[in-house]
Amino acid sequence: MVIKTEPFVVNIGPAHPSTHGVFRMKATLDGEVIVDMEPVFGYLHRGIEKLAEERTYTGVIPLTDRLDYLASMSNNLAYCLAVEKLGGIPVPERAEYLRVIMAELQRIASHLIAVGAFLNDCGAFMTPILYMLREREKILDLFEMASGQRLTYNYMRVGGVSQDVPEEFVPALGKFVKVMPRWIDEYDQLLKENEILLARAKGVGILPKELAINISASGPVLRASGVKWDIRKADPYSVYERFEFDIPTGSVGDCYDRYRVRIEEMRQSVCILKQALEQLPQGEVRSDVPHLIRPPVGEAYGHIEAPRGELGFYLVSDNSIAPYRFHVRAPSLINLTALREMMVGWKVADAIIIFGSIDINMAEVDR
Amino acid sequence: MEVGEVYSRRELDEAEGEQIETLKAHSQQPIPDPDEWLEEEIKRNILLTSVDAMLNWARRSSLWSVVCFPACCAFEFITTAASRFDISRFGMEIVRASPRQADLMITAGTLTWKMAPQVKRIYDQMAEPKWVIAMGACAISGGIFASSYSVVPGYNRIIPVDVYVPGCPPRPEALLYGIRMLQQKIAKISLIKEGK
Amino acid sequence: MTAALSGNEIATRLQKQFPGSIVESGPNSLLVKSESLLEIATFLKTTPGLDFDYLAAITAVDYYDYFEVIYQLTSLQHNHSLVVKTRCYERENPSLPSVVTLWRGADFQEREIYDLMGISFDGHPNLKRIVLWEGFEGHPLRKDYLRW
């Protein structure tokens, strides 16, 4: 007997526990295999680009915190770099080192959540993410010492950072840097050769190298596909030239490669933190900038290597106290371009893993 | 039937857009907080029966939340549920996606008009009794984004809210205090009053 | 360091290939006519020595008389970058050619510019609103959008 079947459209999201925020996929399913998929977002579009045109240059910094809320320090850093490029404002040495320390700590914290959430999607229900959150609490304690906040720090300022770190910070950071490699090794040992992870993630959701370059992917997604491109090495900003570190790359571009790239990046971040802690000079932490900054007429594009990819800010100034145009080059939005190609042909359960391995943050996609 | 012909590409989007515009037109005033019964009770000094006391104890000691995690406050909720600020000691570690099994909605994040019909649908699907905690500045009044063109100024435009927890994002201790306030509120509900 | 190529030297090469397409060239950027955008982009992508295979960002700015769209191009092999700009002088229904066929990374970014600024891109396979909903009136990021 021949059964007549037809494909039908199912909504995955927007309120779904595994879509990492409010993301909706209109999936056309044939049984359980995905034959077509259209992503829909905009459920968290708050109009940050328009709101920034009404605030002063320093007043935009809390708005940038809320863009990619898991990597607030990186957002602040990219914005301050763009304004300093626009206005030609210098930054003192100690502030540069503090910025690098905060950015690398933030990278570790963000990758911990990325790996934990990815393993949550793979089926290891809560164990890895609870372990990773325990390490993240140590990093959040350090951030709370420096800035007073746990999630949206508002720490960096144009021309430096807002305040110096208290005396307990440097010994606490030294202790963290000594202990952290052992924890990363422990997670890696439990997960690297895990049969279930290999079966679920190896060979799934492959992003080939040419497609990755064509869609302007960046960050761990690009590096896992085999392209050795990291803005900290290719176009160094702040004081990154003074540190020695490697850039981990993958070979195939599947979910397992992206997971391995993030684990290795955490190790490299700890290495950078050790070097920065040794070289940290004394001095002031903010150069003399006026309270209301008025950059000269012009435009600037400042970009950094954020945990999710290349985060860039494009600023246009017309010599007034507020930016004329504030545009965010959001890495998560652009990394999603090839989601359809990566998902077609796989089952629904694999689709959730593929989506989780790209590691996006909806507040950045929608702005 | 060809793949892609099931719905034309724009039909679903236009239907969604209409739904959003009608909800927006209906939500121009905030819904009043469901607190009128508290005033009368203070006047009358009600004594709860033992049935009430037991029912309220059962309800408040194991509140199960529904997934409603738009934005940044979601991560403070997740760290509250993690091992350092354990929410499981209040019986609340169950955060399941199905609204039919939940009785508490902790709204953690900014609400936009595009997301509003979905949140209202989740709230309508929850079974009575149900409570709402508005977590964070964006949930109370729109927060830092209140003047934006696409942000709903507070969840109480579309659903009634019981407890407001301020902060941006509120610390886990603040959220636990808000949950404690909700538990004290639930402890005062009387069965006689509830037959409405 | 990524070498930011100066607009002037590229302009001389482009003038030979596509005469009359360059409006203005400065030390930081290159301003081209909107009609010749696609052929210039193809030339920049396929010429060995230039090889701009990575489109970093597209931005649109609303100056009251015209819209300006800025393309940040990078070459991963040679590690140099270039800024290409183009202008659109209409206010009611501005339109530009789309570069999606060359760099697929332009897909969502052009849809967002259509949604928030109102500039439509010819040749885009799926041009509809992306962050706002169908039925929203107006284009919010324009300077004359009134909220109340």
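The values are calculated or read from the model by the stated rules, or taken from the named source; none is laboratory data. Not measured: the values here are computed from a predicted model. Glycine gets a Cβ as well: all are built from the backbone with ideal geometry, and neighbour counts include every protein chain shown. Accessible surface areas use protein heavy atoms only, side chains included; no ligands, DNA or RNA. Shrake-Rupley method; radii C 1.70, N 1.55, O 1.52, S 1.80 Å.
Of all residues in the stretch A:215-237, those satisfying the criterion of being crowded, with 20+ Cβ neighbours inside 10 Å, in a helix (DSSP H, G or I) and within 10 Å of chain C (Cβ to nearest Cβ) are A:Leu222, A:Ile231. Applying the selection to the stretch B:16-32, what residues are open to solvent by 60 Å² or more (accessible area, probe 1.4 Å) and more than 7 Å from every other protein chain (Cβ to nearest Cβ)? Selection gives B:Gln19, B:Thr22, B:Ala25, B:His26, B:Gln28, B:Gln29, B:Pro30, B:Pro32. Hey, any hits in the stretch C:81-96 for a residue that's without any contact (Cβ under 8 Å) to a residue 60 or more places away in the chain, open to solvent by 30 Å² or more (accessible area, probe 1.4 Å), within 14 Å of chain A (Cβ to nearest Cβ) and in a loop (DSSP other than H, G, I, E, B)? For the stretch C:81-96, residues without any contact (Cβ under 8 Å) to a residue 60 or more places away in the chain, open to solvent by 30 Å² or more (accessible area, probe 1.4 Å), within 14 Å of chain A (Cβ to nearest Cβ) and in a loop (DSSP other than H, G, I, E, B): absent. Residue count for the stretch B:141-176 under the criterion of being in a helix (DSSP H, G or I) and within 22 Å of A:Arg55 (Cα to Cα): the result is 4.
Take the residues in the stretch A:238-269 that are surrounded by fewer than 21 Cβ atoms within 10 Å (Cβ to Cβ) and of a type in the set (A, V, I, L, M, F, W, C); name whichever of them is farthest from A:Leu98 (Cα to Cα). Taking the candidates together, the pick is A:Val252. For the stretch A:270-317, the set of residues classified as β-branched (Val, Ile, Thr) and away from chain C (no Cβ under 14 Å) consists of A:Val270, A:Ile272, A:Val285, A:Val289, A:Ile293, listed by residue number. Being in contact with an Asp or Glu (Cβ under 9 Å, 6 or more places away or on another chain), modelled with pLDDT under 90, open to solvent by 50 Å² or more (accessible area, probe 1.4 Å) and among the acidic types (Asp, Glu) holds for only one residue in B:Asp86, B:Asp103, B:Asp162, and it is B:Asp86. The set of residues from the stretch A:334-367 being aliphatic (A, V, I, L, M), within 11 Å of chain C (Cβ to nearest Cβ) and either without any contact (Cβ under 8 Å) to a residue 12 or more places away in the chain or surrounded by fewer than 24 Cβ atoms within 10 Å (Cβ to Cβ) (or both) comprises A:Leu336, A:Ala338, A:Leu339.
The residues of the stretch C:2-35 that are crowded, with 19+ Cβ neighbours inside 10 Å, without any contact (Cβ under 8 Å) to a residue 24 or more places away in the chain and of a type outside the set (A, V, I, L, M, F, W, C) amount to a single one, C:Ser25.
In the stretch C:108-131 there is at least one residue matching the filter, namely being farther than 24 Å from C:Glu35 by Cα and either open to solvent by 20 Å² or more (accessible area, probe 1.4 Å) or part of a helix (DSSP H, G or I) (or both). Checking each residue in the stretch A:30-39 for being more than 7 Å from every other protein chain (Cβ to nearest Cβ), surrounded by fewer than 18 Cβ atoms within 10 Å (Cβ to Cβ) and part of a strand (DSSP E or B) picks out A:Asp30, A:Val33, A:Glu38.
Yes or no, residue by residue, for (1) more than 9 Å from chain B (Cβ to nearest Cβ); (2) at negative phi; (3) basic (Lys, Arg); (4) over 14 Å from the mean Cα position of the chain (by Cα):
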| site | (1), (2), (3), (4) |
| --- | --- |
| C:Glu110 | yes, yes, no, no |
| C:Ile113 | yes, yes, no, no |
| C:Leu116 | yes, yes, no, yes |
| C:Ile119 | yes, yes, no, no |
| C:His124 | yes, yes, no, no |
| C:Leu127 | yes, yes, no, yes |
| C:Ile130 | yes, yes, no, yes |
| C:Glu134 | no, yes, no, yes |
| C:Tyr145 | no, yes, no, yes |
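Scanning the stretch C:53-66 for residues that are in contact (Cβ under 8 Å) with a residue 24 or more places away in the chain and either away from every other protein chain (no Cβ under 11 Å) or open to solvent by 10 Å² or more (accessible area, probe 1.4 Å) (or both) gives C:Asp53, C:Tyr64, C:Asp65. For the stretch A:103-135, the set of residues classified as among the charged types (D, E, K, R) and either open to solvent by 10 Å² or more (accessible area, probe 1.4 Å) or within 15 Å of the chain's Cα centre (by Cα) (or both) consists of A:Glu104, A:Arg107, A:Asp121, A:Arg134, listed by residue number. Residue count for the stretch A:294-343, restricted to those that are part of a strand (DSSP E or B) and small (Gly, Ala, Ser): 7. Checking each residue in the stretch B:117-143 for being closer than 18 Å to B:Met181 by Cα and open to solvent by 40 Å² or more (accessible area, probe 1.4 Å) picks out only B:Ile140. Exactly one residue among C:Leu44, C:Leu55, C:Leu14, C:Leu50 is in a loop (DSSP other than H, G, I, E, B) and in contact with a Phe, Trp or Tyr (Cβ under 9 Å, 6 or more places away or on another chain), and that residue is C:Leu50. Would you mind stating whether A:Glu144 is free of Cβ contacts under 8 Å to residues at least 24 places away in the same chain, more than 18 Å from B:Cys73 (Cα to Cα) and either surrounded by fewer than 20 Cβ atoms within 10 Å (Cβ to Cβ) or away from every other protein chain (no Cβ under 11 Å) (or both)? Spelling it out, it is not the case that A:Glu144 is free of Cβ contacts under 8 Å to residues at least 24 places away in the same chain, more than 18 Å from B:Cys73 (Cα to Cα) and either surrounded by fewer than 20 Cβ atoms within 10 Å (Cβ to Cβ) or away from every other protein chain (no Cβ under 11 Å) (or both).
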